[in-house]
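What follows is one structure encoded as structure tokens, with my remarks underneath.
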Amino acid sequence: MLEHINAGLIGYGYAGRTLHAPLLNATAGIHLHSIVSRDGDKVRAEWPQVQHRIDAEQLLADPDIDLVVIATPNDTHFPLAKAALLAGKHVVIDKPFTLDSREARQLIALAHEQDLQLSVFHNRRWDADFLTLRQLIGSGELGEVLYLESHFDRYRPQVRDRWREQAVPGSGLWYDLGAHLLDQTLQLFGEPESLWLDLAHQRPGAKTDDFFHAILQYGERRVVLHASTQVVAHAARFTVHGSLGSYSKQGLDSQEEQLKQGMSPLDPQFGLDARPGRLTTLQGDKERVQDLSNIPGRYLTFYQGMAEAIQRGTPAPVQAEEALKVMELIELGLRSAREGRRLTPGQLDSVIQSARTTPPPRQPISEMVRPRPLPIANRPTSTVSTNNASPATARPATVVSPQPAARVPTPVSSRLETPAIHPRTPPEASPVSERAMFRQPGPLDKSRDSVPQFATAGAAQSPQRPTPSPQQAIPAQPPVTGTSSRPGSPQPGGYRFGLTTGPGLAAGHSDEPAEPKLDLSHLDPIPEQNEPKLGTPVVTRAQPPGRPSTEPEILLPELTPASLLASERKAAPLPSRTPLPHLSVRDEDVEDDDLPPFSAS
């Protein structure tokens, strides 16, 4: 057993200076040995007994260091933690764990391989209000929790020049505060069934998300996680409604502000929150309102647990696998905001797999999803005929039957009968505008998986369809007639209960012509290689040359590099000669004294 644990702190910005350094110094069994920072004068002035290092390589090469604490910008977490584990050091990473779940899994596997402790500083588990809420829910006084709303609102109208508010990987409010709120929710209820996220850039000049609103589903229970930088009158920190009562709590936890003011974590007043929560229950027909005092907050518990884990091999206070769950939900939320829909945690793998550097196999044209049918009032009455082109290049052709000599009305009772399936001979083709067959495509119909076939094979094997001039009139469509083996069958090309009763439906018959293959080249998919790369600004996709823009603009959340999934980058091991991230560039993230505390932890 070690006499004491020598800890080295990488990064002396806001999180390192305000949170990690004083907590490490106050923890029994841990000695704050070294600090890596570009500002050596500040470190020596505030911690004269602590060694100052100018870069991470010096710290990791020191055999006296047992524990490395990483409090640097989010995009440096993975390479620094990996280098520390390979150097034989136990590791604590300030939240969020990494940029994505793939990096997190690599670090977890490496820590197991090296038999070292790896943890993430999710200190909000030890907020006074959260400890009180957790105890209240466990007591059953609220009954079954049906709704929980967790807010972290502030008023920060100005965008400041710091990495958390710039368009860099891992910046933005969802990575910063979303990690806290997601971890607390996982502690209360476990993994949700689904997640929906809305992101916004609300401040003028905002370069990354400064607003998020997430809804997590647990059966009939709903959990709302919300954070904003444009709220003057703050909402309740927690609002909970259960089958037997309700609870609300105003104000943020006091520990971060106390540390910012210089209070020691060993002070008896540290962690006390004087703003009680309010519990409302029913006694008979009357409401009973009580003020609940808060359990004292205790951030020091995290590093006390780390000391036990390193000395005795007990589980870390925040296990890396728990922090991995948070990263998976952060990724899932980014995809939900990008696609504008609710997603389940099981859909995460497709996000990571779709970000491979090698393009995936292209989907055959014949298997592509057809456009949805038009409303009944706008549906065409012409039939679809096959042509002699190959299945990969076949284009739909529309035909119109000749003018009938006479048409006998069909009884209503007979029209409700199921049409007979029988072979038909398609009539001779005559050109009709494709507008008569299909609706106008929307942006959501685009499929990037079909680009190569249309761009290469389709252009070489299929002749180009002539584009009608604006003066060319669309030929009128005469009434359509057809024969049927059963009286009262619907006419060819008609619709019955939303289905086309033309040649395509009977394609399974041995004598029936094969169903035509749809040509979706008019949807003009965007090639995968045109997707924005990580670290580059996202711009509006340009309309392909030669075709005017007629499609409506899709109003989904705009992605910035900070919202791109980090799984789109290839996480490769650091070469032996590649230096670690140079911390003298961006290790400072100092808060203005005249602003309320910002949760950098």
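The values are calculated or read from the model by the stated rules, or taken from the named source; none is laboratory data. As the structure is a computational prediction, the values presented were derived from the model and not from experiment. All Cβ positions, even for glycine, are placed from backbone atoms using ideal geometry, and neighbour counts span all protein chains on display. Only protein heavy atoms, including side chains, enter the accessible area calculation; ligands, DNA and RNA are left aside. Shrake-Rupley method; radii C 1.70, N 1.55, O 1.52, S 1.80 Å.
Side notes on the structure shown:
- Here Leu131 fulfils each of the conditions (1) over 18 Å from Leu99 (Cα atoms); (2) touching a Ser or Thr at 6+ places or on another chain (Cβ under 7 Å) apart from (2).
- Taken over region 16-37, the criterion of being open to solvent by 10 Å² or more (accessible area, probe 1.4 Å) and out of contact with any Gly (no Cβ under 7 Å at 6 or more places or on another chain) is satisfied by Arg17, Thr18, Pro22, Asn25, Ala26, Ala28, Gly29, Ile30, His31.
- Residue list for region 229-239, restricted to those being among the hydroxyl-bearing types (Ser, Thr, Tyr) and over 25 Å from Glu193 (Cα atoms): Thr229
- Looking across region 84-100, just one residue is open to solvent by 10 Å² or more (accessible area, probe 1.4 Å) and either in contact with a Lys or Arg (Cβ under 6 Å, 6 or more places away or on another chain) or in a strand (DSSP E or B) (or both), and that is His90.
- Residue match in region 161-169 (condition: open to solvent by less than 10 Å² (accessible area, probe 1.4 Å), of a type in the set (Lys, Arg) and in contact (Cβ under 8 Å) with a residue 60 or more places away in the chain): no
- Subset tally (residues that are under 19 Å from His20 (Cα atoms) and crowded, with 19+ Cβ neighbours inside 10 Å) for region 266-276: 2
- Residues that are outside any strand (DSSP E or B), surrounded by 18 or more Cβ atoms within 10 Å (Cβ to Cβ) and of a type outside the set (Gly, Ala, Ser), drawn from region 246-259: Leu252, Asp253, Gln255, Glu256, Gln258, Leu259
Okay, residues lined up against (1) over 19 Å from Arg298 (Cα atoms); (2) at pLDDT below 95; (3) part of a helix (DSSP H, G or I); (4) among the acidic types (Asp, Glu):
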| site | (1), (2), (3), (4) |
| --- | --- |
| Glu103 | yes, no, yes, yes |
| Leu107 | yes, no, yes, no |
| Leu110 | yes, no, yes, no |
| Glu113 | yes, no, yes, yes |
| Arg125 | no, no, yes, no |
| Gln135 | no, no, yes, no |
| Leu142 | yes, no, no, no |
| Ser150 | yes, no, no, no |
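- Selection status of Leu279, crowded, with 16+ Cβ neighbours inside 10 Å, in contact (Cβ under 8 Å) with a residue 60 or more places away in the chain and closer than 11 Å to Asp129 by Cβ: no
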